[in-house]
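Here's the structure, in structure tokens; my notes come after.
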Amino acid sequence: MAGFIFDMDGCLLDSINLWFDSEQYVLDMVGAKLTKDERDELNTLTLEEAGDWFHDKFGVMGSGDEVARTIVDYMIDSYRNKVQPNPGVTEFVAALHSAGAPMCVLSSSPQEFLQAGLGHADLKQYFEGDLIISAEDRGWTKRNPETFQRVCALLGTDPADTWLFDDSWYAVQTAHETGLHAIGVHSSDRCGTHEELGRYADRVIDDFTALNPADFL
């Protein structure tokens, strides 16, 4: 049976704008604006790296750790009270779960974000606890093929029989180069345009209502 790896923000959850809102919240403290190149750079950073980046580049707050903690507090409140599944996600994931398909969440967000967001969206029930994976907390990155090899090992699936669902073009590219199949989920052009996702994805979708679980099982 095929295995399935799901990103959380912008993929399972309609939450990508929360990250953009938190960035703007920090930028407003110093009246700064980002160029497209700066936004692209920021999109590749972990939360801790982003805190240092805001502090070093714009002088936000007293330290990068303080910036990161401010973002965490903003995001946790949003995950606990606002986020919802993207259209078609619950039905798609529930069908895979009912069929016994091995699947996990692989996100660059910290574990506390994953627990709060998936819990509020009522999706946590479909994933085993140790298969809700924070790449950041483990020191992994979706730019490294070893990350997807490790996750496939946890699922007990071969990369050639494993699907990644992600909205970040670089994650889709890395998965493709590791031998996985990939569905590019368009959430925002800042994460990956249809064209960027389509370079390496088997298919690009705007939401999960376009997919039939039986086609993957």
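The values are calculated or read from the model by the stated rules, or taken from the named source; none is laboratory data. Model, not experiment: these values are computed from the prediction. We place every Cβ from the backbone using ideal geometry, glycine too, and count neighbours over all the protein chains shown. All accessible areas refer to the heavy atoms of the entire protein, side chains included, with ligands and DNA or RNA removed. Shrake-Rupley method; radii C 1.70, N 1.55, O 1.52, S 1.80 Å.
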Quick one: in segment 159-174, which of the residues that are touching a Phe, Trp or Tyr at 6+ places or on another chain (Cβ under 8 Å), closer than 25 Å to His97 by Cα and in a helix (DSSP H, G or I) is least open to solvent (accessible area, probe 1.4 Å)? Val172
Residues of segment 6-21 that turn out to be surrounded by fewer than 19 Cβ atoms within 10 Å (Cβ to Cβ) and either part of a loop (DSSP other than H, G, I, E, B) or not hydrophobic (A, V, I, L, M, F, W, C) (or both), as a count: 2
Scan segment 39-67 for residues that are under 19 Å from the mean Cα position of the chain (by Cα) and under 20 Å from Arg190 (Cβ atoms) and jot them down. Arg39, Asp40, Glu41, Leu42, Asn43, Thr44, Leu45, Thr46, Leu47, Glu49, Ala50, Gly51
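For every residue, the table says whether it meets (1) charged (D, E, K, R); (2) open to solvent by 50 Å² or more (accessible area, probe 1.4 Å); (3) under 17 Å from Val105 (Cβ atoms); (4) touching a residue at least 40 places away in the same chain (Cβ under 8 Å).
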position	(1), (2), (3), (4)
Thr157	no, no, yes, yes
His176	no, yes, no, no
Leu197	no, no, no, no
Tyr200	no, yes, no, no
The one condition Asp189 fails out of (1) touching a residue at least 24 places away in the same chain (Cβ under 8 Å); (2) closer than 25 Å to Asn17 by Cα is (1)
Close pairs from segment 45-65: first in contact (Cβ under 8 Å) with a residue 40 or more places away in the chain, partner open to solvent by less than 40 Å² (accessible area, probe 1.4 Å) and among the small types (Gly, Ala, Ser), Cβ under 6 Å, at least 6 apart: Leu47/Ala68; Glu48/Ala68
Considering only residues that are basic (Lys, Arg) and surrounded by fewer than 21 Cβ atoms within 10 Å (Cβ to Cβ), look in segment 127-155 and name the one that is nearest to Cys191 (Cα to Cα). Arg143
Determine the pairs where a residue that is modelled with pLDDT under 95, located within segment 85-109, has a partner that is β-branched (Val, Ile, Thr) and surrounded by fewer than 22 Cβ atoms within 10 Å (Cβ to Cβ) with Cβ atoms under 8 Å apart, the partner being 6 or more residues away or on another chain. Ser108/Thr46; Ser108/Thr141
Filter segment 22-39 down to the residues that are touching a residue at least 12 places away in the same chain (Cβ under 8 Å) and open to solvent by 40 Å² or more (accessible area, probe 1.4 Å), then identify the one that is nearest to Leu118 (Cα to Cα). Tyr25
State the number of residues belonging to segment 108-136 that are closer than 15 Å to Ile76 by Cβ and assigned to a helix (DSSP H, G or I). 11
Against the condition part of a strand (DSSP E or B), touching a helix residue (DSSP H, G or I) at 6+ places or on another chain (Cβ under 7 Å) and closer than 16 Å to Val185 by Cα, how does Val93 come out, does it pass? no
Can you name every residue in segment 75-87 that is open to solvent by 20 Å² or more (accessible area, probe 1.4 Å) and part of a loop (DSSP other than H, G, I, E, B)? Lys82, Gln84, Asn86, Pro87
Any chance you could count how many residues in segment 188-214 are part of a strand (DSSP E or B) and more than 18 Å from Gly88 (Cβ to Cβ)? 0
Just to be sure I understand, how many residues within segment 53-73 are open to solvent by less than 70 Å² (accessible area, probe 1.4 Å) and on the phi < 0 side of the Ramachandran plot? 13
